[in-house]
1. Inside segment 122-140, can you point out the residues that are of a type outside the set (G, A, S), in contact (Cβ under 8 Å) with a residue 60 or more places away in the chain and touching a Leu at 6+ places or on another chain (Cβ under 9 Å)?
2. Which one of L145, L157 is in contact (Cβ under 8 Å) with a residue 12 or more places away in the chain, closer than 18 Å to A108 by Cβ and of a type in the set (A, V, I, L, M)?
3. Only residues in segment 97-119 that are over 28 Å from L177 (Cβ atoms) count as the first member; pair them with residues that are modelled with pLDDT of 95 or more and assigned to a loop (DSSP other than H, G, I, E, B), Cβ under 7 angstrom, at least 6 apart or cross-chain, and list the lot.
4. Starting from segment 55-84, keep only residues that are in contact (Cβ under 8 Å) with a residue 12 or more places away in the chain, then list their pairs with residues that are assigned to a loop (DSSP other than H, G, I, E, B) and among the small types (G, A, S) whose Cβ atoms are within a distance under 7 Å, requiring at least 6 positions of separation or different chains.
5. Output the residues belonging to segment 58-74 that are crowded, with 18+ Cβ neighbours inside 10 Å and over 14 Å from T13 (Cα atoms).
6. Report whether or not S14 is closer than 21 Å to F83 by Cα, assigned to a loop (DSSP other than H, G, I, E, B) and either at pLDDT 95 or above or of a type in the set (S, T, N, Q) (or both).
7. If you take just the strands (runs of 3 or more DSSP E) that sit entirely in segment 20-65, which of them hold at least 2 residues that are of a type in the set (A, V, I, L, M) and closer than 19 Å to R155 by Cβ?
8. Name the one entry in S74, S94 that is within 21 Å of P29 (Cα to Cα) and among the small types (G, A, S).
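The values are calculated or read from the model by the stated rules, or taken from the named source; none is laboratory data. Source: prediction; values computed, not measured. Note that each Cβ is placed from the backbone with ideal geometry, even for glycine, and that neighbours are counted across all protein chains shown.
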Amino acid sequence: MATKSIRPSIAETSYRYFDRPLHPELFSPAITGRVRTQRYDMTFGICQGGHYLQMHSHGHAIVEVTAPESQVLSTYGLQQTYFFSGQEELVLESKKPFGYHFAGQVDAVDFAVFTRVQMELEIEASRAFLSYQFPATHRLLPGPLSLAQVEGNDRSLTVNTFHTFPDDLAVLRTQTLFEFA
């Protein structure tokens, strides 16, 4: 009997960019984390379909979401929607009210490469800012894994994420950079 993965297909996964805050309960996160400084307040959550990142700075907010198209979110404040496909890279930049740069790419690989990458990410998960592995639904494939690495200071913040899609033998990699004046 085949069971459906908790993580949607990479073909259904989109990137969405909002120029306003969204309520975190919209995402049903498995785990959340927060980074606060005098200049910014960033909340990050790992969800079944990927992640959400919410940044607040000096009265302005943006939200970045990787989630399945079926996840209903407001269209109010929605600035960009993009579906990840193949090896192409999405790059989005914004200057207001702080520098924002997003890049994302999907790597579809064969089974041997996928299992090696998954094992390397499982080791890296113990050192990550946040990580979560969802239950496996197939005895030959590991459970979907998401992890976020965060580096920053008062002037900039970088968030690197890795989301594995075992049913698709794919890894979604994203990098987000914030620069504060």
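1. F129, L130, Y132, F134
2. Matching residue, one of L145, L157: L145.
3. Partner pairs satisfying both residue conditions: D110/L169; F111/L169.
4. T66/G49; A67/G49; P68/G49; Q71/G49
5. Scanning segment 58-74 gives I62, V63.
6. For S14, the condition - closer than 21 Å to F83 by Cα, assigned to a loop (DSSP other than H, G, I, E, B) and either at pLDDT 95 or above or of a type in the set (S, T, N, Q) (or both) - is not met.
7. Qualifying strands (runs of 3 or more DSSP E): 50-57.
8. From the options S74, S94, the qualifying one is S74.
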